[in-house]
Amino acid sequence: MPALTRFSVQPLSTMTRRLADVASARHDPDLVIQGARVLSTYSERILDGREVWISGGRIAAVKPAGSYRNGSAKLYDAKGGIIAPGLVDPHIHIESSMVTACAYAEAALLNGTTTIFCDSHEIGNVMDVAGVEAMLEDARQAPLSIFLTVPSTVPATSPELETAGGDLTPAKIAALFDKWPEAVALGEKMDFVPVAMGDERSHAILAAALQRGRPVSGHVYGREFVAAYAASGVTDTHEAIDRDIADDLLEAGVWLFLRGGPPTTPWHSLPHAIKTITELGASHKRVAVCTDDRDAEDLLAFGLDWVTREAIKAGMTPEQAWAMGSLHGATRFGMEGEIGGMGGGRRADLVLLSDDLKPVSTWYGGELVVDNRKVTPVLDEALSKPYRYPETAYHTVKLPKNLKLTPDLPIDTVTAHTIRTELPGITLGHVTVTLEPANDWQAHFDRHDLCFVTVVERHGKSSGNVAHGLLNGFGLKKGAVASSVGHHDVADEVKALKLEWEKAGCTIAYMGFNLIPLSVIPEIRITDKGLVLVPEMVISPLFEKA
């Protein structure tokens, strides 16, 4: 059997006569799924007594039960279960999971997700264009439909505020669009303050997408920035953290991706933002759900299917929630004729659901890849030969020698600019603390609930930049914690890490810790250049005279 990839299903333009023949019963389908109820994302109804005719990896028709008789098609008995279109995740970062695209596909398919739109700004931040293109090659070999939203903000801010391993200029971004057909949009434009202020480079990057008819994805905090952000061509965001900014974004013509994630992490803003619908009466027609980031352990337990069910808990009907998890994401990227629904001609990316909308079986391009919650031999074979990244990808950490990891103890009374960690961990507070002369740092730690935080430039692009800061309320009781992820089997290792993380007393999750250097989220961050105030976008000293 040829490799199972996105390219296994031929373009609709080459299949219309065949599909018309099958839909008209002049030709046998390849597969008929019988005994099903169908969840229609078009009408947001569950239709009883249906069967699905599939040919060449596409849906030929959805027919009344019993329509197919005495042919040679393969038959699958859904036993009264619900057949729905595969889920479409409109915003994720594969790298956050610390697995490759091929490995990510397994968890996605087990959760009923068949298409993802991936922003690879993390590997781009380390390896520039070479990293983005390596991930695209990986994605092409995966048994999953993976499209790229081209990283738009590498570095996240500017060389004055941070040192990145890559530099994705407007010209490089334009070249990625022109070379790779699966580069369908511009990734989240994280530098929302420069965008709102009319920064030349930021708007040149926006122009590279808009000139080519590509939509622009966003990342914005603060209602005061919404109008200028939307006027700059941004038409979706996943960063709505409450009802009011969600409402502002919808009224500004910006698609809303409600982000759901483990409640102990920074990624569960859905219950708050969805209130624009449930409390303010907004329509859900331009609202989708997404995952954004997942670590390896959480991929299975907190997939897009879980996020969809969370939308139901928050007040949506099951039919509305599944449409938000499939058709709406497809529509945002202009692919509703290919995915997200069960109309004739669409890809046969389907999922069999239990009554509580938990995936039981999944078809990808008409191939049964998950059956009764287990990987089938077809998928096992597709996963057996993963893509190997270029050797340079395995040697990207280049640390300076003779590191000074802690600041000098102040001799005089000073005002310290500290980073207050607050659950769930996305936004960080800027808290000033008066430090009077002390014999050692431990006295300050005990009095003010502080600990050190240090960022080391890891790309080998500077003269060994090291920045020192102080975390307020982080809760570290003993030892030290560290990560080579500056946000930009594996699951077992991550599980062990999380256990040790909790034992150390850390108050925010590991994934939230990795956001501390991301200098585009209020109110204060730390990069290798020092403390960065957001949205002022200026460097602050650690200490000032009191």
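The values are calculated or read from the model by the stated rules, or taken from the named source; none is laboratory data. This is a predicted model, so every value here is computed, not measured. All Cβ positions, even for glycine, are placed from backbone atoms using ideal geometry, and neighbour counts span all protein chains on display. Calculation scope for accessible area: heavy atoms of the full protein, side chains included, ligands and nucleic acids excluded. Shrake-Rupley method; radii C 1.70, N 1.55, O 1.52, S 1.80 Å.
In the stretch 89-96 there is at least one residue matching the filter, namely being closer than 30 Å to S484 by Cβ, assigned to a helix (DSSP H, G or I) and open to solvent by less than 20 Å² (accessible area, probe 1.4 Å). Taking every residue in the stretch 493-519 that is more than 20 Å from H468 (Cβ to Cβ) and pairing it with any residue that is among the acidic types (D, E) and open to solvent by 20 Å² or more (accessible area, probe 1.4 Å), at least 6 positions away or on another chain, the pairs with Cβ-Cβ distances below 6 Å are V494/E297; K495/E297. When the stretch 255-272 is filtered for residues that are over 19 Å from A323 (Cβ atoms) and open to solvent by less than 40 Å² (accessible area, probe 1.4 Å), the ones remaining, listed by number, are G261, P262, T265, P266, W267, H268, S269.
If you check E297 against the conditions, is it open to solvent by 40 Å² or more (accessible area, probe 1.4 Å), within 16 Å of the chain's Cα centre (by Cα) and among the acidic types (D, E)? It is true that E297 is open to solvent by 40 Å² or more (accessible area, probe 1.4 Å), within 16 Å of the chain's Cα centre (by Cα) and among the acidic types (D, E). Within the stretch 10-29, restricting attention to residues that are part of a loop (DSSP other than H, G, I, E, B) and in contact with a Phe, Trp or Tyr (Cβ under 9 Å, 6 or more places away or on another chain), the residue that is farthest from L144 (Cα to Cα) is A25. Is there a residue being of a type in the set (F, W, Y), open to solvent by 20 Å² or more (accessible area, probe 1.4 Å) and either assigned to a strand (DSSP E or B) or in contact with a Ser or Thr (Cβ under 8 Å, 6 or more places away or on another chain) (or both) anywhere in the stretch 300-307? Within the stretch 300-307, one or more residues are of a type in the set (F, W, Y), open to solvent by 20 Å² or more (accessible area, probe 1.4 Å) and either assigned to a strand (DSSP E or B) or in contact with a Ser or Thr (Cβ under 8 Å, 6 or more places away or on another chain) (or both). Among the numbered conditions (1) assigned to a helix (DSSP H, G or I); (2) closer than 19 Å to P90 by Cβ; (3) open to solvent by 40 Å² or more (accessible area, probe 1.4 Å); (4) of a type in the set (A, V, I, L, M, F, W, C), tell me where I241 comes up short. I241 satisfies every listed condition except (1). Checking every residue in the stretch 366-380 against the condition of being part of a helix (DSSP H, G or I), open to solvent by 50 Å² or more (accessible area, probe 1.4 Å), at pLDDT 95 or above and not β-branched (V, I, T) gives at least one match. Is it the case that the stretch 273-288 has a residue that's open to solvent by less than 10 Å² (accessible area, probe 1.4 Å), in a loop (DSSP other than H, G, I, E, B), at pLDDT below 95 and closer than 27 Å to L39 by Cα? Within the stretch 273-288 (the criterion being open to solvent by less than 10 Å² (accessible area, probe 1.4 Å), in a loop (DSSP other than H, G, I, E, B), at pLDDT below 95 and closer than 27 Å to L39 by Cα), the answer is no, since none of the residues qualifies. Applying the criterion of being small (G, A, S) and surrounded by 21 or more Cβ atoms within 10 Å (Cβ to Cβ) to the residues of the stretch 57-77, the residue that is farthest from A36 (Cα to Cα) is A60.
Taking residues in the stretch 249-260 that are closer than 15 Å to A314 by Cβ, and partners anywhere that are aromatic (F, W, Y), the pairs with Cβ atoms closer than 9 Å and at least 6 places apart or on different chains are R259/W267; G260/W267; G260/F302; G260/W306.
Tell me which residues, restricted to the stretch 391-414, are out of contact with any strand residue (DSSP E or B) (no Cβ under 8 Å at 6 or more places or on another chain), closer than 18 Å to F452 by Cβ and surrounded by 11 or more Cβ atoms within 10 Å (Cβ to Cβ). L409 - this is the single residue of the stretch 391-414 that is out of contact with any strand residue (DSSP E or B) (no Cβ under 8 Å at 6 or more places or on another chain), closer than 18 Å to F452 by Cβ and surrounded by 11 or more Cβ atoms within 10 Å (Cβ to Cβ).
Out of S72, S67, S43, one residue alone is within 28 Å of K285 (Cβ to Cβ) and assigned to a loop (DSSP other than H, G, I, E, B). It is S43.
Given L357, L350, L327, which one is at pLDDT 95 or above and under 21 Å from L31 (Cβ atoms)? Of the residues listed, the single one that is at pLDDT 95 or above and under 21 Å from L31 (Cβ atoms) is L350. Of the residues in the stretch 49-61, at least one is assigned to a loop (DSSP other than H, G, I, E, B) and not hydroxyl-bearing (S, T, Y).
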